[in-house]
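Asker: Just dropping this structure here.
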Amino acid sequence: MLIKIRKGWELPESMVLSESAFLNRRSILKGMAGAGLIASVGSMATFRHALADTKDPSANLYPVPRNDKYTVKRDLTPEKISTTYNNFYEFGSQKTISEAAQALKIRPWTVKIDGMVEKEMEIGIDDLLSKMQLEERLYRHRCVEAWSMVVPWSGFPLKDLVKLAAPTSGAKYLVMQTFEDKAVAPGQKQFWYPWPYTEGLTMEEATNDLTFLVTGMYGKPVSKQNGAPLRLATPWKYGFKSVKSIDRFTFTDKRPETFWEKLNSDEYGFWANVNPEVDHPRWSQATERDIGTGDRVPTEIYNGYGDYVANIYKNIKGEALYR
Ligand code: MTE
């Protein structure tokens, strides 16, 4: 996302531990243990914690059956591209945050469900996964910055989580928030951003068939840089609505002010539905660059998903539905 208020921030290389560096360190540690050197290293708790995190306990759930109702005419974006060209401001404002995001600890991971529900709850991600029927869907993903990709997400419909949460009849919105931990997400030290990253949907949007909670991609658990262990996919909206690494769902009767809306409501609004005819104040939305093929292609209204969602908006007047 481009934002005018500050220059981008770069993660110092010294703070990044790449997977290969990590694995290297791991084999060095093993070697040290074998040679009886480990006692001289002092406290190894940090490293043990890091090693415990390497095996994702949900890995054996994938691949999951594909739901053929959700296919896309374009080519799938190669995994190498969609997992290395990311927006995740918690780890930096460049696209190249994939290595920095490996610092995120995704177990234990507790999801809080609160607000206007029959009974508030906290549930571990693996318990949540065991309650849900996982499926794969091919979805288009269109960023407000006018690039796009096609991803095989795995996960479950958000409406199944809504059912589990049992909201009371007064709930009108569902607010979703990303974890907050400055120790692993250095971007959250940047005080001018309104952390935690917060997004919201109306209940009608949240319970639409298309609205998906992602737990996997490319037949594996979703990568950390793409929002492990739980992220949203609302493919008819600009990508900034797809909040990553969610640890809280709050049902409310008040429309939330979302992360980008707080920063610049003229450019990034609550609704953010894709529309080629409504330009961003600083660039055209008529076309988009497919980051897999490099082709520039026409943008479609609701990103091609009008049959699913156009009805939601037909009686909403006086709202900026397309930014
Ligand atoms: N969620 C969090 N927590 N932090 C972010 O910076 N960026 C958003 C969205 N979700 C973002 C986020 C934006 S601007 C986009 S385009 C998508 O994530 C990018 O998702 P991707 O990296 O999987 O393509």
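Asker: State which residue is most open to solvent (accessible area, probe 1.4 Å) when the search covers only the range 275-312 and only residues that are under 23 Å from the mean Cα position of the chain (by Cα) and of a type in the set (D, E).
Answerer: E300
Asker: Here is a further query. A166 fails exactly one of the following numbered conditions: (1) within 16 Å of the ligand (Cβ to nearest atom); (2) over 16 Å from the mean Cα position of the chain (by Cα). What is the number of that condition?
Answerer: A166 satisfies all of (1) within 16 Å of the ligand (Cβ to nearest atom); (2) over 16 Å from the mean Cα position of the chain (by Cα) except (1).
Asker: What number of residues in the range 133-159 are among the charged types (D, E, K, R) and away from the ligand (no atom under 14 Å from the Cβ)? So that I can check it myself, show each step before the final result.
Answerer: Narrowing the range 133-159 to residues among the charged types (D, E, K, R): 135-137, 140, 142, 145, 159.
Add one more test, that the residue is away from the ligand (no atom under 14 Å from the Cβ), and what stays is 135-137, 159.
Here the count works out to 4.
Asker: Here's another thing I want to ask about it. Limited to the range 238-278, what total is found for residues that are within 10 Å of the ligand (Cβ to nearest atom) and free of Cβ contacts under 8 Å to residues at least 60 places away in the same chain?
Answerer: 1
Asker: Would you call S154 of a type in the set (S, T, N, Q) and open to solvent by 20 Å² or more (accessible area, probe 1.4 Å)? Walk me through how you get there before you give the answer.
Answerer: Values: of a type in the set (S, T, N, Q): yes; open to solvent by 20 Å² or more (accessible area, probe 1.4 Å): no.
Answer is no for this residue.
Asker: Just the residues that are more than 20 Å from T234 (Cβ to Cβ), part of a strand (DSSP E or B) and open to solvent by less than 60 Å² (accessible area, probe 1.4 Å), please, taken from the range 99-114.
Answerer: So the first thing to find is which residues in the range 99-114 are more than 20 Å from T234 (Cβ to Cβ), and the list is 99-110, 112, 114.
When the remaining residues are screened for being part of a strand (DSSP E or B), the result is 110, 112, 114.
Within the range 99-114, D114 is the sole residue that qualifies.
Asker: Please enumerate the residues belonging to the range 118-145 that are open to solvent by less than 10 Å² (accessible area, probe 1.4 Å), assigned to a strand (DSSP E or B) and touching a helix residue (DSSP H, G or I) at 6+ places or on another chain (Cβ under 6 Å).
Answerer: Listed by number, the list holds a single entry, R142.
Asker: Next question, about the same structure. Which pairs turn up if I take residues in the range 181-192 that are in the same structural domain as A228 (by TED's automatic domain parsing) and look for partners that are open to solvent by 60 Å² or more (accessible area, probe 1.4 Å) and not in a loop (DSSP other than H, G, I, E, B) with beta carbon separation below 6 Å, at least 6 apart in sequence or on another chain?
Answerer: If the second residue must be open to solvent by 60 Å² or more (accessible area, probe 1.4 Å) and not in a loop (DSSP other than H, G, I, E, B), the pairs left are K182/K189.
Asker: Using the structure shown, decide if E180 is buried (at least 21 other Cβ atoms within 10 Å of the Cβ) and of a type in the set (D, E). Quick ask: steps written out before the conclusion?
Answerer: On the way: buried (at least 21 other Cβ atoms within 10 Å of the Cβ): no; of a type in the set (D, E): yes.
Taking the combined requirement at face value, the residue does not satisfy it.
Asker: Sticking with this one: Just the residues that are of a type in the set (D, E) and either surrounded by fewer than 22 Cβ atoms within 10 Å (Cβ to Cβ) or more than 15 Å from the ligand (Cβ to nearest atom) (or both), please, taken from the range 69-98. If you could, list the steps in order and put the result at the bottom.
Answerer: Taking the range 69-98 first, the residues of a type in the set (D, E) are 75, 79, 90.
Within the range 69-98, D75, E79 meet the criteria.
The values are calculated or read from the model by the stated rules, or taken from the named source; none is laboratory data. Note that this is a predicted model, so its numbers are computed, not measured. Cβ atoms come from the backbone with ideal geometry, glycine included; neighbour counts cover every protein chain shown. Side chains included, ligands, DNA and RNA excluded: accessible areas come from the protein's heavy atoms. Shrake-Rupley method; radii C 1.70, N 1.55, O 1.52, S 1.80 Å.
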